[in-house]
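See structure below.
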Amino acid sequence: MSGKPKLYYFDGRGKMESIRWLLAAAGVEFEEEFLETRDQYEKLLQGGSLLFQQVPMVEIDGMRMVQTRAILSYIAAKYNLYGKDLKERALIDMYVGGTDDLMGFIIMFPFLSAEDKEKQLAVIVQKATSRYFPVYEKVLKDHGQDFLVGNNFSWADVHLLEAILMVEEKKSDVLSGFPQLQAFKARISSIPTIKKFLEPGSQRKPVPDDKYVETVRRVLRMYYDVKA
Amino acid sequence: MSGKPRLTYLNGRGRMESIRWLLAAAGVEFDEVYLETKEQYDKLIKDGFLLFQQVPLVEIDGMKMVQTRAIMSYIAGKYNLHGKDLKERALIDMYVEGISDLMQMILMFPFSPPDAKEKNLESIKERATNRYFPVFEKVLKQHGQDFLVGNKFSWADVQLMEAILAVEEKISTVLSGFPQLQVFKTKMSNVPTIKKFLQPGSPRKPPPDAHYVETVLKVFKK
């Protein structure tokens, strides 16, 4: 065991991407094992590594952690990205809850039927610009600080940047009504660990393609279209 | 302001019920405001109470908290129901998240179309008995302690108790293959704050009925 966290997931974004972002932001190197075949997945299941039979799974500090939110909370706390007290943690949790809901629409997107995809694209943009982005725009405008919570870099900042970039991939000018978020994006992107993660050759995964969707469907035997 | 937390939601379970359970388990009294009309909901949004235009909303310690998980984490942290260190917290979070996935199926059930209800009920039964309950049965069997984590009452125990009762309402014999969970259920029922919550007249809400579904659809109509 190398001591580094080890991530078990498909070779693609999905629910593991937020974990990659957070580890990278914290400057933590990690290893990855990519699920490519049904056999690999069944072997993991039989070996008892997946508490609820699901991935993501992260081996970290002697634990086999599952449940994305639990994993992210653990990493955030361990690397001091979770605020200085219970109230800052509450704010971070609320903000992350919002960006998580927004990214949830995008994560399911590749698995929708062609017809639902078109509708969902409009939903993503509408939610981003009328429900979520205005909240963070206002938070930053109201306190005028560089980071969302407690004038300190936290999980909430990493998660928001990830969400912004994901929505921009769907609509490149989506930040046009949000000057604070534009400045935030530039600022957070230039933090050394994040800058490194945004460079080619990092462990950041590309936008999901047909091959990724096919792999997930094959490994999980998930051949139905997800409902929007 | 009474100083008590104030919950704003519909007069029914939904996503607020787990929060009611946790506050009650912690022995914390709370007030409730019930959404009955779209106008009430629209006004809450207009007045800036709902950060992401959604309920649950819990006003607590000067904050207007939204996002169910954030609210429960705060309550668990405040009332010492979140483990003694980071690793115990990680275990509690894993257990709670797993149970929450099961509860999500139950939450959505009243809103499924009539022709899908039988299939969805079967899915709930399958997941409960093949994916979730076996995990907690094993945890309890392996350490032989009364509580799921760290030999101490925690958020995980409250959440599991809520889930067991919710599934039993749908499938009364669901615990038949799970002796540890049967004992756990009895033990939790006797925790004084939980015992009180399980008695008539408590803030616990009944299973969702047609009126509840109708109110949800009316209040959140676009």
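The values are calculated or read from the model by the stated rules, or taken from the named source; none is laboratory data. All values derive from a computational prediction rather than experimental measurement. Here the Cβ positions follow ideal geometry from the backbone for every residue, glycine too, while neighbour counts run over all protein chains shown. When the accessible area is computed, the model is the full protein with side chains, heavy atoms only, and any ligands, DNA or RNA have been set aside. Shrake-Rupley method; radii C 1.70, N 1.55, O 1.52, S 1.80 Å.
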For A:Asp209, placing the label point 7 angstrom along Cα-to-beta-carbon and taking the stretch A:4-31, residues whose amide nitrogen sits under 18 Å are A:10-14
At q = 0.12 1/Å the base-10 log of I(q)/I(0) from the Debye formula over the alpha-carbon atoms of the stretch B:1-138 is -0.59
Counting only protein heavy atoms and leaving out ligands, DNA and RNA, the solvent-accessible surface of A:Ser202 at a 1.4 Å probe, in Å² to the nearest 10, equals 40
Interface B-A: total buried accessible area (1.4 Å probe, Å², nearest 100) of 2800
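How big is the shadow of the Cα convex hull of the protein assembly as shown, averaged over all directions, in nm²?
Working: hull surface 86.6 nm².
With every direction weighted equally, the projected area is 21.6 nm².
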Note on the stretch B:1-51: contact order normalised by length, alpha-carbon pairs under 8 Å, 6 or more apart, percent, works out to 44
Placing each pseudo-label 7 Å from Cα in the direction of the beta carbon, A:Ser190 and B:Lys170 end up separated by a distance in nanometres of 5.2
Taking every residue of B:64-71, the Cβ atoms of other protein chains inside 10 Å of its Cβ average out to 5
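Using only alpha carbon pairs under 8 Å that are at least six residues apart, calculate the relative contact order of chain B and give it in whole percent.
Numbers: 255 pairs, mean separation 62.1, N = 222.
Once normalised by length, the contact order is 28 percent.
At 20 Å minimum axial length over the Cα atoms and a Kyte-Doolittle cut of -0.5, report the qualifying DSSP H helices in chain B, or say none. Can you show the working numbers first?
Working: long enough: B:86-108 (32 Å, 0.60); B:155-170 (23 Å, 0.34).
Sorted by number, the helices that extend far enough and score high enough are B:86-108, B:155-170.
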Once B:Ser112 and B:Gln199 are pulled to full extension, the length gained, defined as 0.36 nm per residue separation minus their Cα-Cα distance, is 28.3 nm
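Would you calculate, for chain B, the mean residue ellipticity at 222 nm contributed by helices, counting each DSSP H stretch of 4 or more residues as -39,500 (n - 2.57) and dividing by all residues, to the nearest 500? Show your work: numbers first, answer last.
Details: 10 runs with 117 residues, N = 222.
Mean residue ellipticity, 222 nm, calculated: -16000 deg cm²/dmol.
For every other residue with a beta carbon closer than 15 angstrom to the beta carbon of B:Arg6, add +1 if it is Lys or Arg and -1 if Asp or Glu, then tell me the sum.
On the way: positive: B:Lys4, B:Arg20, B:Lys64; negative: B:Glu29, B:Asp31, B:Glu32, B:Asp47, B:Glu59, B:Asp61.
Taking every other residue near B:Arg6 into account, the sum is -3.
What FRET efficiency comes out for A:Leu165 versus B:His211 if R0 is 35 angstrom and r is the Cβ-Cβ distance? Round to the nearest 0.05. Walk me through the numbers before you get to the answer.
Details: r = 44 Å, r/R0 = 1.26.
The calculated FRET efficiency here is 0.20.
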The rounded separation in angstrom of the Cα centers of the stretch A:171-228 and the stretch B:141-184 is 38
Checking rank on A:72-81, A:44-53, with mean other Cβ inside 10 Å and highest first, the result is A:72-81, A:44-53
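How much accessible area per residue does the protein assembly as shown have, in Å², with a 1.4 Å probe? Don't skip to the end; give the middle numbers.
On the way: 21050 Å² over 450 residues.
Computed with neighbouring chains in place, this is 47 Å² per residue.
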For the pair B:Asn151 and A:Val125, the simple spin-label estimate (label points 7 Å beyond Cα toward Cβ) gives in nm 6.0
Length-normalised contact order of chain A, Cα under 8 Å, at least 6 apart, in percent, tallies to 28
To the nearest 0.05, the calculated FRET efficiency linking B:Asn130 and B:Glu29 through their beta-carbon distance, R0 being 30 Å, is 0.20
In whole angstrom, the spacing between the Cα centers of the stretch A:118-132 and the stretch B:42-70 equals 21
Expected integer from the mean partner chain Cβ neighbour count at 10 Å over B:88-99 is 5
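Compute the semi-axes of the equivalent ellipsoid of the stretch B:72-217, taking the square root of 5 times each eigenvalue of the Cα gyration tensor, and list them largest first in whole Å. Each step should come with its number before you reach the end.
Details: eigenvalues 137, 67, 46 Å².
Over the Cα atoms of the stretch B:72-217, the ellipsoid semi-axes are 26, 18, 15 Å.
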Phi angles of the stretch A:58-74, converted by Karplus (6.51 cos²θ - 1.76 cosθ + 1.60, θ = phi - 60°) into ³J(HN,Hα) in whole Hz with x for Gly and Pro, give 10, 7, 8, 6, x, 10, 9, 8, 10, 6, 3, 4, 5, 4, 4, 4, 5
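Using a 1.4 angstrom probe on the protein heavy atoms only, could you order A:Asp209, B:Asp31 from most to least accessible area?
Details: A:Asp209 85, B:Asp31 55 Å².
These residues rank, largest area first, as A:Asp209, B:Asp31.
What part of the accessible area of the stretch B:86-190, given as a whole %, is carbon or sulfur when the probe is 1.4 angstrom?
On the way: 2450 of 4720 Å².
Whole-percent figure for carbon plus sulfur exposure: 52.
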The orientation-averaged projected area of the Cα convex hull of the stretch A:42-180, in nm², is 10.2
Taking a crude spin-label model, label points 7 Å out from Cα along the C-beta direction, the B:Lys87 to A:Lys6 distance in nm is 1.9
